[in-house]
Every structure is written in C-alpha cells, then in structure tokens.
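Visitor: After the structure tokens below, expect a handful of questions from me.
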Amino acid sequence: MIDFTDLKKVRNAFKPNTKMVWIESPTNPTLKVTDIAAVAKICKEKGALLVVDNTFMSPVLQSPLKLGADIVMHSLTKYVSGHCDVLAGAFMFNDEELYDKYHYIIKTVGSAISPFEAFLCMRGSKTLKLRAEKASENAL
C-alpha cells in the first residue's frame with residue numbers, strides 16, 4: 001500500500017509482476033484525492049490495469065473511465081441505490097475484450113445480482129443525479 005497522492009511513490013512501487021493497480025478516490029475515510037489520469041498514464045507505461053473504486057463520487061460526479069481507468073467499481077449499496085435496501089456492486093469497463101472476460105467469469109461463478117436487487121438499484125438510480133447535486137450543494 002502506498003500514498004497515491006505522491007506519483008513518485010506510485011511509479012517506484014511497480015514490480016515486474018505488477019498486473020493491476022487498485023485505487024479509491026477520494027479515499028474512505030481520509031478523503032485523499034488521487035490524480036486518476038496521472039496514475040492511469042503510469043499504469044499504461046508499466047502495462048498494468050487501473051481499477052478505480054468510485055463509490056464515494058458516484059458516476060454523476062466523477063468518470064474514471066474518461067480519465068484513463070480500465071475498470072471502475074461502484075458500490076450500488078450506498079449512493080447509487082439510495083435506499084439502504086440492497087447489497088450490490090457494479091463494474092464498468094473501457095474495453096470490450098476485458099468486459100467479455102469478466103462477464104464470462106460472473107456468469108460461470110453465478111455472482112450476479114438477482115432481478116429484484118437489480119430493480120431496486122434501477123429505482124434508486126433514477127434520483128441519483130438529483131441527490132448527488134443536492135449533496136454537493138449542501139456541502140458547499
């Protein structure tokens with residue numbers, strides 16, 4: 001584990017067998033912010049995937065795929081569903097081949113959410129933008 005706010009430490013932490021870098025930005029609970037685009041650039045140079053846990057920001061407030069991340073994870077349990085009545089998560093991919101690989105694993109292992117949980121997430125997602133904007137306004 002390293003401090004991802006220090007890009008020199010990020011670059012120096014890579015080993016020959018590093019295949020993936022997983023970051024959370026902002027972090028929980030310290031709210032440290034990582035320069036996702038800069039870390040993505042380093043990962044591309046080193047041949048590693050960048051995964052970003054985007055739970056705190058939600059897809060409304062931050063788009064790590066547009067910043068160069070390969071995979072983005074969201075906890076649907078929290079901000080996205082908005083009602084504290086579902087346990088779920090989602091991964092977003094920037095590459096169809098990468099998506100196909102992991103989609104096959106999800107189907108084979110059977111770790112997909114149930115149709116009812118998917119409905120609950122869709123229900124909550126309808127007000128996500130409004131809730132995210134209001135929370136940001138209130139924080140300011």
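The values are calculated or read from the model by the stated rules, or taken from the named source; none is laboratory data. On a predicted model such as this, the values are computed, not experimentally measured, just so you know. Virtual Cβ from ideal backbone geometry, glycine too; neighbours counted across all protein chains shown.
Visitor: Scan region 5-15 for residues that are of a type outside the set (Gly, Ala, Ser) and at pLDDT 95 or above and jot them down.
Guide: Asp6, Leu7, Lys8, Lys9, Val10, Arg11, Asn12, Phe14, Lys15, listed by residue number.
Visitor: Mind checking which pairs have a first residue in region 91-102 that is under 22 Å from Ser75 (Cβ atoms) and a second that is assigned to a loop (DSSP other than H, G, I, E, B) and of a type in the set (A, V, I, L, M, F, W, C), Cβ under 8 Å, 6 or more apart or different chains?
Guide: What qualifies is Asn94/Ala69.
Visitor: When you go through (1) closer than 21 Å to Glu133 by Cβ; (2) at pLDDT 95 or above; (3) touching a Ser or Thr at 6+ places or on another chain (Cβ under 6 Å); (4) not β-branched (Val, Ile, Thr) one by one for Ala48, which number turns out not to apply?
Guide: (1) is the only condition that Ala48 fails.
Visitor: Let me ask something else. Please verify whether region 133-140 includes one or more residues that are in contact (Cβ under 8 Å) with a residue 24 or more places away in the chain, farther than 29 Å from Leu49 by Cβ and among the hydroxyl-bearing types (Ser, Thr, Tyr).
Guide: For region 133-140, residues in contact (Cβ under 8 Å) with a residue 24 or more places away in the chain, farther than 29 Å from Leu49 by Cβ and among the hydroxyl-bearing types (Ser, Thr, Tyr): present.
Visitor: Of (1) surrounded by fewer than 19 Cβ atoms within 10 Å (Cβ to Cβ); (2) without any contact (Cβ under 8 Å) to a residue 40 or more places away in the chain; (3) more than 23 Å from Thr5 (Cβ to Cβ), Lys41 satisfies all except one. Which?
Guide: (3)
Visitor: Tally time: how many residues in region 9-50 are assigned to a loop (DSSP other than H, G, I, E, B) and among the aliphatic types (A, V, I, L, M)?
Guide: 3
Visitor: Same structure, new question: Please specify each residue of region 124-140 satisfying the condition of being within 20 Å of the chain's Cα centre (by Cα), among the charged types (D, E, K, R) and part of a helix (DSSP H, G or I).
Guide: Those that are within 20 Å of the chain's Cα centre (by Cα), among the charged types (D, E, K, R) and part of a helix (DSSP H, G or I): Lys129, Arg131, Glu133.
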